[in-house]
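K.L.:
Take a look at the following structure, please.
The values are calculated or read from the model by the stated rules, or taken from the named source; none is laboratory data. If you're wondering where the values come from, they're calculated on a predicted model, not measured in any experiment. Every residue, glycine as well, gets a Cβ built from its backbone with ideal geometry; the counts of neighbours run over all protein chains shown.
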């Protein structure tokens, strides 16, 4: 029997949701300052309005502290799920007021795509978007990649922050407390930010001949989208705008860094046995699937004859497989060319998107740890069939130390993996219903669900509203990995039908 939530439950959720919204609203100070310096008066007013909306809603929601400040798991999950619906809604206001979107729903699509680090976009005439608004789009990806709830968790006490931490699909607490883990993630991100802007900006300045200000602008925005595996870019032609193998290589470094778990970052930076982390099941699985999908893409492109020279084939194939597998969504070719990648090339890129990067990273998809555990389960099952009845089969695996593959863990891995497959097929089915080819519908659905952002042209301002809403829901579900969304749905059902 479902238990109906009482007033105290609503006050707890409202209070902590309000605190998260206040933290999210504080980020508006950055694009507002950018717009003031650049004298972009229309964006200034929209940022002030949006900051006011965040502040008003945050203050109202948190105005009545609950009698009990401790969140249980269900409260934290509901707060996380609501945060990832409300922040894009408010964050889309500057975009909707910019005149670059056909409707408020299109602006919400982009804001959700930004916060979930997906990268699909319905923005029109990106090349003439105000720099401060372009910065805000990319800042949304930085906020979402590091975890907007995690920013608030960093100032919460341990018991309060734990449920929010897991509600945002974070699975790895590698320091004693949630707050210290959150602070390390943001500290590591800022260090990467400074290094990334210097590297990318220097490449733009010395190799591409950009001015210092323009180099800084492009370096900053490409880093935001690259490290947070987001996929937004300052120009409409994505990374192909730069026509530079050096810039692509520098970008690829940060894509890979973003797809690594922050636990691995911690182990490599500060761990006493940093190199032992390379033995992790997740690390080895990611290396294997990356090699597999790249091989498929190379063979497919060679058969299709899309590129005449081997260096060109290798460059385009490797970059797009990396972009797909890390969940970044950068492209060096237009969607009209990408749609020609059929056969093995399509299979390699689509599989890379579906598998995704590491758990507890900014990447989406099924995640390499689940893939590795599923392969380990398959291996054990084959051994069970082939070996004698009395043979002892090891269920241990190495992930930051020796661990055991328990039946409960196996069940969870298979359940989430199947949910991702179902989500991929759901979006493809809606696309097919509107007459899109199977390959295009499946590619776009996987891209939205795995929070990648590569597109073959289906996600466009002219697409049907139902398909647009489907992609929004896929981005939301994929980023939160289902659990928090299911908790929110269960809470709503209990509020209506509970006793």
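K.L.:
Quick check on my filter: what residues within region 321-368 are more than 27 Å from residue 244 (Cα to Cα), part of a helix (DSSP H, G or I) and at pLDDT below 90?
P.N.:
Residue satisfying the conditions is 343 alone.
K.L.:
For region 446-466, what are the residues that are in a helix (DSSP H, G or I) and more than 15 Å from residue 422 (Cβ to Cβ)?
P.N.:
447, 465, 466
K.L.:
Please enumerate the residues belonging to region 6-38 that are touching a residue at least 12 places away in the same chain (Cβ under 8 Å), over 26 Å from the mean Cα position of the chain (by Cα) and surrounded by fewer than 19 Cβ atoms within 10 Å (Cβ to Cβ).
P.N.:
8, 11, 38
K.L.:
When residue 401 is evaluated against the numbered criteria (1) at positive phi; (2) under 20 Å from the mean Cα position of the chain (by Cα), which criterion, by number, is the only one it fails?
P.N.:
The number of the failed condition is (2).
K.L.:
Could I ask something else about it? Which residues, counting only those in region 265-283, are surrounded by 14 or more Cβ atoms within 10 Å (Cβ to Cβ), part of a helix (DSSP H, G or I) and at pLDDT 80 or above?
P.N.:
Passing the criteria: 281, 282, 283.
K.L.:
List every residue pair whose Cβ atoms lie under 6 Å apart, where the two residues are 6 or more positions apart in sequence or sit on different chains, the first residue falls within region 396-422 and is touching a residue at least 40 places away in the same chain (Cβ under 8 Å) and assigned by TED's automatic domain parsing to the domain that holds residue 368, and the second residue, located anywhere, is surrounded by fewer than 16 Cβ atoms within 10 Å (Cβ to Cβ) and in a helix (DSSP H, G or I).
P.N.:
398/279
K.L.:
Just to check your reading of the model, which residue among 82, 105 is over 26 Å from residue 42 (Cα atoms) and in a helix (DSSP H, G or I)?
P.N.:
The match here is 82.
K.L.:
If you go through region 39-70 one residue at a time, how many are farther than 30 Å from residue 8 by Cβ, part of a loop (DSSP other than H, G, I, E, B) and under 30 Å from the mean Cα position of the chain (by Cα)?
P.N.:
Within region 39-70, residues that are farther than 30 Å from residue 8 by Cβ, part of a loop (DSSP other than H, G, I, E, B) and under 30 Å from the mean Cα position of the chain (by Cα) number 1.
K.L.:
Would it be correct to say that residue 295 is more than 24 Å from the chain's Cα centre (by Cα) and assigned to a helix (DSSP H, G or I)?
P.N.:
Against the criterion (more than 24 Å from the chain's Cα centre (by Cα) and assigned to a helix (DSSP H, G or I)), residue 295 qualifies.
K.L.:
Now, a different point. Check residue 437 against each of (1) surrounded by 11 or more Cβ atoms within 10 Å (Cβ to Cβ); (2) at pLDDT 90 or above; (3) more than 21 Å from residue 122 (Cα to Cα) and name the one condition it does not meet.
P.N.:
(3)
K.L.:
Being outside the structural domain of residue 453 (by TED's automatic domain parsing) and part of a helix (DSSP H, G or I) is the requirement here; does residue 240 meet it?
P.N.:
For residue 240, the condition - outside the structural domain of residue 453 (by TED's automatic domain parsing) and part of a helix (DSSP H, G or I) - is met.
K.L.:
Taking region 470-499 on its own, how many of its residues are in contact (Cβ under 8 Å) with a residue 24 or more places away in the chain and under 21 Å from residue 101 (Cβ atoms)?
P.N.:
Of the residues in that region, 6 qualify.
K.L.:
Something else now. Looking at 469, 493 in this structure, which one is part of a helix (DSSP H, G or I), modelled with pLDDT of 95 or more and surrounded by fewer than 16 Cβ atoms within 10 Å (Cβ to Cβ)?
P.N.:
None of the others qualify; the one that does is 469.
K.L.:
Within region 224-237, identify whether any single residue is surrounded by fewer than 23 Cβ atoms within 10 Å (Cβ to Cβ), part of a helix (DSSP H, G or I) and either in contact with a helix residue (DSSP H, G or I) (Cβ under 6 Å, 6 or more places away or on another chain) or without any contact (Cβ under 8 Å) to a residue 60 or more places away in the chain (or both), and answer yes or no.
P.N.:
No, there is no match, as no residue in region 224-237 is surrounded by fewer than 23 Cβ atoms within 10 Å (Cβ to Cβ), part of a helix (DSSP H, G or I) and either in contact with a helix residue (DSSP H, G or I) (Cβ under 6 Å, 6 or more places away or on another chain) or without any contact (Cβ under 8 Å) to a residue 60 or more places away in the chain (or both).
K.L.:
Could you list, in sequence order, the residues of region 274-291 that are farther than 16 Å from residue 366 by Cα and touching a residue at least 40 places away in the same chain (Cβ under 8 Å)?
P.N.:
277, 279, 280
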